[in-house]
Every structure is written in C-alpha cells, then in structure tokens.
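Read through the structure below, which is laid out as structure tokens, and then see the notes.
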Amino acid sequence: MQKVRVKPLMPPGHVRTPAYLRGKVGVIERSLGVFPNPEDLAYGVTASALPLHRVRFTMADVWGANAENPDDTLDAEIYEHWLEPADAT
Amino acid sequence: MPHDHHDHDTLSPSGHPYRADDDAPLSYWQVMEIAVRELLVEKGITTASEIASQIDTMDARTPSNGAQVVARAWCDPEFHAALMDDASEATRAMGFDIGALKLIAVENTGDVHNMIVCTLCSCYPRNLLGLPPDWYKSRAYRSRTVREPRSVLAEFGVILPDKTKIRVHDSTADMRYIVIPNRPEGTENMSQNDLAGLVTRDSMIGTGLSITPPPIGA
Amino acid sequence: MTKPKIPSPARRWHDMGGDTAGPIPMEQRPDADHDFALWEKRVDALMILGSAKGFFTVDGLRRVLEDLGEDAFETMTYYERWIMAVNQNLIEGGAYTTADLAAKMADVTARGDTYGDAAAPVK
C-alpha cells in the first residue's frame, strides 16, 4: 500500500482535512474516485474534481508515545491535493 | 428501559420528553425558520407539500432500516458480498430510499471492532439510519474518539480485549459509514427478521454491540 | 492528554479531533430517539430542499457554521445554527434578499407570541 504524508498546512477557511492528521504518515487503504473540491464548494465557486483517498494511520502514527493502543487504527478520507509521498521531506 | 423521569407531566404519551414548540415563547430562530420557509414558497422555489413530504421521508428513516441491512448481511452471503463491495447499491437494491448517500460498510470480526465518528462536524448515514443521537454531535464524542476510542467505548459499557484491533473511521469527506456488528452466538436458528431486532443503533455506529438473546429455556 | 499551551490561531474551533474533553453526554441514552420539534424538522427539510435545488452545498453550510465561531456552538442549539446557515446560504445563492427577509420576519413576529400562532399566517 502506498505510503503518504498529509501536508502540514494550516490554511484559514473551509477545509476537510482534520488538523490532528496534518503532517502524519499513513497508507492509502482505498481510493474512492473523484469528488468536487469542498474548498471550492464552500464558497460557491466552480469546484474542481479531485481524487479522494481513504488513508489509514496507526494510533502510534498519529499520537506517538501517547497512543492509547498503538496498533489501533484511524481511517480518514483525504483529498489528493493534501497528500504527498511519505518519502518527501 | 423506560425513562427515569419523576415528573411524568413532562413526557408525551409515547414516553418521550416534549420539546419546546407550539406552547413555548416564540424564539428569534423560529421566526427565521417561518420566514425562510414562507419566502421559499412565495418565490416558487418549493411548496408546503414538498416540505411536508421531505419531513415524512426523513421521519421514515430510522435505525431499523440499518438493522434489516445488517441482519440480511448475516444471513445471505451473496448480499453480504454485495454490501461489502458497494453498500449504497446493495442498500438501494434492498429497497431503501437513501437518496445520494455514499455508504461504506465496515465489518466487525473476532479481531476487529469498527467505530464511526465525524470530528469536523457530525456526518452520519442519516439517509439510512435517520438523524444521529445527540451524543454523536457532542464535543466530547467528536474530540475524544480519535484519540482514546477504548476509553470512549468503556463509557458506553463496551470493554474490548487488547488483542481486538479498533478501527476508528473519521467521516471527513463524502462517504458515510455503517458498522456491521458481529452476529451474536446462539442465533443460528433465528429468522432474519428476528435477528434485525438484535441490531441496535449504537452497534451500527460502533459504540455498542449487537444484543445477545437470552438462552432459550433459561 | 497534552494540549499546546497556546492554541494556534490557525487551528479552527470546529476541528476538534484529538482534543481533551469531558465524558460523553449520555443523558439521551438509552433512548436517544427523541423526536425533534416541528420547527426543527422544517429546518432540516429546508436544508435538504435548498441543497437539492442547487442554492447551496453542504460545504457552503459548513463554512457558515464554522465562521459562526465557537460561541455559537456552545450557546445555540443544533437547528438554530442550521437555520442561520441555511438562511445565509439562500441569500448568497439569490433565493431572496435581505430586505425580503427583514420584512417577512417583522410580519411573522407580529403574528403572535408562540410558534403555533406565528407559523399560521393570518388568513
């Protein structure tokens, strides 16, 4: 499965990438096809179509040593423009 | 279990608390609702009957719809496969009016327990299960579930062994989720219809388990 | 349970995953299937119909709810926040004007002191 990192960006405005996952590394569990970009829809402008992926993180990936149970997992849907290959610096 | 209220005058005949409505002082937000609704009708954007019909449609969506889907998945291997492949299509084919809902079924097994949350708002498969419970929309549930799902589950009375892997699903975008809970043991001879009675709303959110029926003759 | 001592202004209030919080409010359990008031069901219907007719998207509604800020989340009920967001999106989408709304709200307010009175237009 493809390893990806959620971009560690903090823009103002309406986005659907939760802050607690930004900068975290997970794997693509499945790809869901393309969907209109909610960052456009929110403001009533023409929305570009973006691939959407379900990304799976381990609790250790997200919370480090504070994880309640490191092997439990967390899945979230992340639009492709928020993802970069995990080997990127 | 019945309500534990002491003042039965505050309960409706169905045993539910009345909600402030016709008899309470008119609120600013109620005025806005009436005004918006009447303007939309006057402008020809909708009609009173269309609004009433939408309310009826939503009222007809309840957790028992999901319970029937789960019970069939327990009984019918072909449906189970179709549900896991495309839950929206399988649910529609079963006859449920789920509108544009994009549904993913996630299945509990002996080793895996699934749990659904929406940390950014309160996304919920409402077109199948109806409106979410209030706690699902609470700050506590939205905040804590992604960090300490086991602690949250314990508050719901669900204690899982460490070897059971918990998969939390944060509904961040276009998909909605339904948990297919484990089929209780000792239910091999139960009908699909009776099995549906064991599927609670919370078990389809992942904050509960399906009900284990008492042993016959016990 | 660590939280940054100074919360980043870049992290928006609604984005609460992972925060520390109290117990899950269980007062609605085990039968959380309480019914909503008629006016709340109507808000829900207006939200669905306005979206189905192309006046706004759910993301447009969320954007308004998020911009309302944390105080609204703490002090307004769910459907109070939704009617506010639906109304703002309908005005932005051109369904009616703020002047239309002002006149209609004044008219509705004058009808009576309860929802029952105000929701029934004078014949």
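The values are calculated or read from the model by the stated rules, or taken from the named source; none is laboratory data. Predicted model only: the values in this text are computed from it and were never measured. Ideal geometry is used to build each Cβ from the backbone, glycine not excepted, and the neighbour counts take in all protein chains shown. For accessibility, only protein heavy atoms count, side chains too; no ligands or nucleic acids. Shrake-Rupley method; radii C 1.70, N 1.55, O 1.52, S 1.80 Å.
Panel note: contact residues of region C:79-99 (accessible area lowered by at least 10 Å² against the chain on its own; 1.4 Å probe) correspond to C:Tyr79, C:Glu80, C:Ile83, C:Met84, C:Asn87, C:Leu90, C:Ala95, C:Tyr96. Once the 1.4 Å probe is applied to the protein heavy atoms, region C:18-123 comes out at 44 Å² accessible per residue.
For region B:54-82, a decrease in accessible area of 50 Å² or greater in the assembled protein chains relative to the isolated chain, with a 1.4 Å probe, applies to B:Gln54, B:Ile55.
In the full protein context, region A:6-77 carries 38 Å² of accessible surface per residue, based on a 1.4 Å probe and ignoring ligands, DNA and RNA. Its Cα gyration tensor gives chain C an equivalent ellipsoid. The semi-axes, each the square root of 5 times an eigenvalue, are 32, 21, 14 Å from largest down. Counting only protein chain heavy atoms and rolling a 1.4 Å probe, the accessible areas of C:Ile83, A:Ile28, B:Ile159, B:Ile211 rank, largest first, as B:Ile159, B:Ile211, A:Ile28, C:Ile83. The residues of chain B have, on average, 44 Å² of accessible surface per residue, using a 1.4 Å probe with all protein chains present. The Rg/Rh ratio for region A:3-85 is 1.01, where Rg is the radius of gyration of the alpha carbons and Rh is the Kirkwood radius. Shielding value for C:52-60 is 5, the average number of Cβ atoms from other chains within 10 Å of each residue's Cβ. In this label model, C:Ile91 and B:Tyr28 are separated by 1.3 nm, measuring between points 7 Å along each Cα→Cβ vector.
Here is the interface size for C with B: some 6000 Å² of accessible area buried, both sides summed, with a 1.4 Å probe.
Averaging 1/r over every pair of different alpha carbons in chain B and inverting the result gives a Kirkwood radius of 19.6 Å.
According to the Kirkwood expression over distinct Cα-Cα pairs, how big is the hydrodynamic radius of the protein assembly as shown, in Å? Kirkwood hydrodynamic radius for the protein assembly as shown: 23.2 Å. Between chain A and chain B, the total buried accessible area stands at approximately 2200 Å², from heavy atoms with a 1.4 Å probe. The mean number of partner chain beta-carbon atoms within 10 angstrom of a residue's beta-carbon across peptide A:17-25 is 5.
Of the solvent-accessible surface of region B:70-218, computed with a 1.4 Å probe over protein heavy atoms with every protein chain present, carbon and sulfur atoms account for 51 percent. Taking amide H as placed 1.01 Å from N in the peptide plane, the amide H of A:Val4 sits under 5 Å from that of A:Gly26, A:Val27, A:Ile28, A:Ala86, each at least 5 places away or on another chain.
Among B:Glu42, B:Glu78, B:Glu188, the residue with the largest mean-square fluctuation in a Gaussian network model of chain B, with springs joining Cα atoms closer than 10 Å, is B:Glu42. Database remark: amide H of B:Ala24 closer than 5 angstrom to the amide H of C:Tyr115 (H placed geometrically; neighbours at sequence offset of 5 or more, or on other chains; Pro and chain starts carry no H).
Of the residues C:Gln88, C:Gly54, C:Ala102, the one whose Cα sits farthest toward the positive end of the charge dipole of region C:38-117, with +1 on the Cβ of Lys and Arg and -1 on the Cβ of Asp and Glu, is C:Gly54.
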